[in-house]
Amino acid sequence: MARAAQLGGLTVAVAWHRARLAERRPQTATARSLVFTVPGWPGHLPGQHVDVRLTADDGYQAVRSYSLAAPADGDRIELGVQAVADGEVSPYLADDLPVGAEVEMRGPLGNWFVWRPEQTEPALLVAGGSGVVPLAAMIRAHRTAGSATAFHLLYSVRTPEDVCYRDVLDAHDPHLDARLLYTRQAPPGAARAPGRITQADLEKPAARLEPDSAVYVCGPTGFVERAADLLVDLGRDPATIRTERFG
Amino acid sequence: MADDIARLDDMAHLDGNALAGPLSEILSVEATTAWWRCPQCARSGTLAQLHVYGPEPGLTARCPGCAHVALRLVREGEYLWLSMGGSSGAFRFRTA
Amino acid sequence: MTSFSPGFRGRARTLADRLPPGQYPTEQFPVLSAGPTPRVDTENWTFTITTESGAAHSWTWAEMMALPQQETTTDIHCVTRWSKFDTPWRGVPLDAFFEDVETAADFVVAHSYGGYTTNLPLEDLLDGKAWIAHTYDGYPLSPEHGGPARLLVPHLYLWKSAKWVRGLRLGHEDEPGFWESVGYHNYGDPWREQRNWGD
């Protein structure tokens, strides 16, 4: 949250932190985990995002939002970046920003698309592609908090090569029921044929929820609209569905 | 103008989560959880749920039900222009 | 008839001359929007010019297509810094609509299906400077680019070329439209880089 400082009568919104790239880890051919050290990082809630600002030599600036992928570790924060073909910023962050170099970061941002350990009802997380990033943060926070709340994850990807955070999904977590669904190509022997998310995919996990359970849907706008509509058709109260669109 | 015009359910919009950063420059409280009631169709919800178009040439936040303009935000160098609603005047804030 | 100086072309105007300050050229045609894309059927489409006295002149799609049509190939400049050269349009010059319109007004507010508005001086629409454009690159103008018809005023930034145009309201006052009322320049001349209010 921005804090305003009085500076000789001019109120200055203290918004941008300096963030140094500490580590880059590949998740897929185009997705990366980027770990930044941000001195003075105030901490954040799972589901929140940051705005990253890059400045070119001629002063041109570009700002993009990226979700936090994990709970804060002191000054170290982890973002999930998916390089978009012809993107102005994401390919640079994914592969070109040198380790040790700095960017500017604003955040943490967004108190609505957030899961808190005090929420004890079972929750359903629905991820479309790179929409898995803030949901991975929720799963990791849920695990770190030792929460016994039931988490259901439905993660839609194109092919098995596009799955991120396998370590998070594969950890033997008795409280996480994670299902993958493939839209283009499924692994050999898969029971479900590749295809977009349908009501049938959501039925079982939705049936395990309580009436005021939260459902978090994140991904490209088209995916979010489709999944949210299917959830409402399944009888979920629209007020319990929290969405974040990545555009 | 929701009247007789069929709308394309536009896939190009974001949502009010995208306003969190820009609004943090002029509001000292978190904005995405702010509650809003549409004066045109009475639908209510959070700022996070608004349909947001932009960020170029500016951010336009609309009612997810009837597309009534809730808020507009334009960045002009050191200034941030904010207009609540589609037809009210705008405030130009000087930001850092 | 003798043709003078066959083959003479003069000094070629470089692309750099055609780029207003602060712009970069693009081969793409980016779509920017402030709201959902309206879907308007040409069967229901009308275009109305309302004068300062309230007199309304309306055209249906068929009536518009019966007016003198023109093709124009022109450069367009968006305030978000992209410029696109030699865009090919077909439409009706505003002069044709204004043939029978009596007005002493100096200003216009163009308004669109979906609620968008933009303001300009009336003289910027006349004398061959503006069209109601319905065809782009030989095809009916697509909804995302403002179809079935948009205002086209290439000498100003493209936000003045109101997509999904529905009518013009003439008046004695210059009333800031959708973007003008939230920080964009009232006139918008790309050659004087009039992007924002203070420019």
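Screening segment A:83-139 for residues that are acidic (Asp, Glu) and away from every other protein chain (no Cβ under 14 Å) and picking the one that is farthest from A:Arg179 (Cα to Cα) gives A:Glu102. Could you list all residues from segment A:89-102 that are closer than 21 Å to A:Ala15 by Cβ and either surrounded by 22 or more Cβ atoms within 10 Å (Cβ to Cβ) or not hydrophobic (A, V, I, L, M, F, W, C) (or both)? The answer is A:Leu93, A:Glu102. Within segment C:1-27, take every residue that is at pLDDT 70 or above and among the hydrophobic types (A, V, I, L, M, F, W, C) and give me the one that is surrounded by the most Cβ atoms within 10 Å (Cβ to Cβ). Looking at the filtered set, the residue picked out is C:Leu19.
Within segment C:15-57, the set of residues being farther than 27 Å from B:Ala67 by Cα, among the small types (Gly, Ala, Ser) and touching a strand residue (DSSP E or B) at 6+ places or on another chain (Cβ under 8 Å) comprises C:Ala56 only. Based on what the data block shows, is A:Glu88 in contact with an Asp or Glu (Cβ under 9 Å, 6 or more places away or on another chain) and of a type in the set (Asp, Glu)? In short, no.
Restricting segment C:153-188 to residues that are more than 14 Å from chain B (Cβ to nearest Cβ) and over 15 Å from C:His77 (Cβ atoms) leaves a set whose member that is surrounded by the most Cβ atoms within 10 Å (Cβ to Cβ) is C:Leu168. Out of all the residues in segment B:46-73, which are more than 8 Å from chain A (Cβ to nearest Cβ) and assigned to a strand (DSSP E or B)? Those that are more than 8 Å from chain A (Cβ to nearest Cβ) and assigned to a strand (DSSP E or B): B:His51, B:Val52, B:Tyr53, B:Leu59, B:Thr60, B:Ala61, B:Arg62, B:Val69, B:Ala70, B:Leu71, B:Arg72, B:Leu73.
Take the conditions touching a strand residue (DSSP E or B) at 6+ places or on another chain (Cβ under 8 Å), crowded, with 23+ Cβ neighbours inside 10 Å and not acidic (Asp, Glu) and apply them to A:Pro46. Does it pass? Yes: the conditions hold for A:Pro46.
The values are calculated or read from the model by the stated rules, or taken from the named source; none is laboratory data. Note that the structure is predicted; figures quoted are calculated from it, not measured. Positions of Cβ are generated from backbone atoms using ideal geometry, with glycine treated the same way; all protein chains shown enter the neighbour counts.
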